[in-house]
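Notes to accompany the following structure.
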Amino acid sequence: MEDINPTLRLTLSLRHHLLMGWSVKAALKKYHESVQDEIAQQIPGWIQTWETKGSLISKNQNSIYRQSLILLIERGLAGESILAQLQSLEGEVSAACLEEIDQHMRKLPYLLMIPLLLFQFPAYLILLLAPLFWEFMSAF
């Protein structure tokens with residue numbers, strides 16, 4: 001799970017630990033200990049903010065899915081059951097990741113034509129036109 005989306009990775013980890021009977025706080029701490037990504041670095045701050053303010057509201061998250069996950073974590077830390085919502089969010093994040101991969105795959109053939117046009121096509125033209133050029137030059 002090297003290059004997986006951090007939001008999806010945290011969602012999968014939370015769901016796994018919740019199914020094992022862990023609390024949300026314990027699952028977050030375990031994720032922080034075992035994974036080194038941008039979300040894992042923010043988790044101690046989230047827990048500290050939750051313990052002091054009782055809220056994790058963060059408007060500087062760049063993804064709607066990450067904001068939804070933070071709201072779910074906040075509800076889970078408050079003692080609500082979040083497993084069903086977490087599974088739903090997991091499906092949405094997975095679908096968004098697959099859509100992003102599909103978009104990249106649709107662009108890939110055009111991106112791969114750039115080296116073809118820049119390097120191979122001129123070389124092909126030289127191979128085709130060089131004999132004509134030599135014939136033209138030998139006529140003079």
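Read-outs: derived from the displayed coordinates by stated rules, not from any lab. It should be emphasised that the depicted structure is a prediction, and the values quoted were computed from it without experimental measurement. Backbone-built Cβ (ideal geometry, glycine too); neighbour counts: all protein chains shown.
A few notes on this one:
- Shape category assigned to segment 36-140 from the gyration tensor of Cα positions, a/c cut at 1.5: prolate
- Here K53 is the anchor, and the aspartates and glutamates within straight C-alpha reach of less than 17 Å, apart from those fewer than 8 places off in the same chain, are E74.
- Result for the chain in a Gaussian network model with C-alpha springs under 10 Å: among S63, S94, S13, the largest mean-square fluctuation is at S63.
- Dipole of the chain, positive direction: furthest Cα of L128, M20, L117, with charges on the beta-carbon: M20
- Our coupling estimate for segment 101-114, obtained by passing each phi through the Karplus curve with A = 6.51, B = -1.76, C = 1.60 and θ = phi - 60°, is 5, 4, 4, 5, 5, 5, 7, 4, x, 5, 5, 6, 6, 4 Hz, Gly and Pro reported as x.
- The trypsin sites (Lys or Arg not before Pro) found in segment 6-96 that occupy coil by DSSP, while having at most 12 further C-beta atoms within 10 Å, are K59.
- Electrostatic tally near S94: other residues with Cβ closer than 12 Å to its Cβ, Lys and Arg +1, Asp and Glu -1, net -2.
- Loop-located GluC sites (Glu not before Pro) in segment 1-80 (DSSP state not H, G, I, E or B) with no more than 15 neighbouring Cβ atoms inside 10 Å: E2, E80.
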